[in-house]
Amino acid sequence: MLLCRKFAQRSRVRKLQYIAELERNAQALQACLYNFSAELEFLNQQNLILTVENKALKQCLESLAQEQLIKYLEHEVLEREIGRLRALCQKQQQPSSSHRRNNNRDLESQFANLFLKHRDTSSGRDPLHI
């Protein structure tokens, strides 16, 4: 009987040691769980911040793409207007030959009038009273 009691006592001691080991393991796992929970909360917050920032950057990118499209279209309109104005300028610089002759006559008469006025004023005579 004494042997049975010793065996039972050792069994209870081992059982208590095993329970104590399980409790230590449980406490260690709870500490890890607490650390992981805090880290998970931090990462969730970071994810939320990055999601909001990503959305803002996508909106900014879309806005820039729209601005680029507008500027491209404005550029195209301005290029067409430049072409139209160049063609109009070339057309105006190449008048018909009769128009050119009339312009030459007008320029010659204006030059002659200026020459006469200059000559008359330098001689002291009034060009209006000859």
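All of the numbers you see were taken from the coordinates with simple rules; none came from a lab. Predicted model only: the values in this text are computed from it and were never measured.
Things worth noting here:
- Difference of contour (0.36 nm per residue) and Cα-Cα distance, N113 to L43: 16.0 nm
- Chain lengthening between F7 and I19 when straightened (0.36 nm per residue, less Cα-Cα): 2.5 nm
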